[in-house]
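Only the coordinates and a few stated rules stand behind these numbers; no lab work does. This is a predicted model, so every value here is computed, not measured. Note: ideal-geometry Cβ built from the backbone for every residue, glycine included; neighbour counts use all protein chains shown.
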Amino acid sequence: MESEMKIINFIGKNVKRGKNVKVWHFTYVGDRTRIGNNVMIGSLAHIDYDVNIGDNTRIEGMVYIPPKCRIGKNVFIGPAAVLTNDPYPPSKKWAGVVIQDNAIIGARAVIKSGIKIGKNSVVAMGAVVTKDVKDNTVVMGIPAKKVPNYTLDTYNKKRKKWES
């Protein structure tokens, strides 16, 4: 007798999902989370309770998003990125992360609780973000620092060149 492997996701209570939402294997979505239209959430992602995710956002596998985070529209969060909710664990006070529209978060980036990532900004892979990132800014390193004269437009030009 062949055994069947069931693909198990946990979707909490009162989760609101928009149209065309794709949730891949072994993913957790906590209670009272709101997910916009055309969102993709990768395998093994953990999205805790009271999280808002905007339209057309892509969250890759193994991402951790803690409670009360706010993620805008057209955001990309790369594999194994971690948003945190407690700057002094274990404390009794938490703060979510805010990622505004059109931001890109690279693979394995870590973002400290209470941080705001501005619109059209890029957080490089492996960066550790300990301070707010202004709109139209690219940051990289540990701790993450602004890269002079590097914007989302520059990033997109490099990406297009890479793809061609």
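Taking label positions 7 Å along the Cα-Cβ direction at both Arg32 and Asn149, the computed distance is 4.8 nm, reported to one decimal. So which of Lys19/Lys145; Lys68/Lys160; Lys13/Lys73 end up more than 28 Å apart by C-alpha? Violating the 28 Å limit, Cα to Cα: Lys19/Lys145; Lys68/Lys160.
Percent relative contact order of the chain, based on C-alpha pairs within less than 8 angstrom and at least six residues apart? It would help to have the intermediate numbers written out before the result.
Details: 499 pairs, mean separation 18.8, N = 164.
Over the chain, the number comes to 11 percent.
What shape does the range 1-144 take by its C-alpha gyration tensor, where a ≥ b ≥ c are the square roots of the eigenvalues and a/c under 1.5 counts as rounded, a/b above b/c as prolate, and the rest as oblate? Judged from the Cα gyration tensor, the range 1-144 comes out prolate (a/c at least 1.5, a/b above b/c).
Label-to-label distance for Lys160 and Asp135 is 2.2 nm, based on points extended 7 Å past Cα in the beta-carbon direction. Relative to the longest principal Cα axis of the chain, at what angle does helix 152-163 sit, 0 to 90 degrees, rounded to 10? Taking the Cα atoms of the chain, the angle to 152-163 is about 70 degrees. Only helical runs count toward this figure. For the chain, summing -39,500 (n - 2.57) over DSSP H runs of n ≥ 4 and dividing by all residues gives -2500 deg cm²/dmol at 222 nm.
Summing charges over all other residues whose Cβ lies under 13 Å from the Cβ of Asp86, with Lys and Arg as +1 and Asp and Glu as -1, gives +3.
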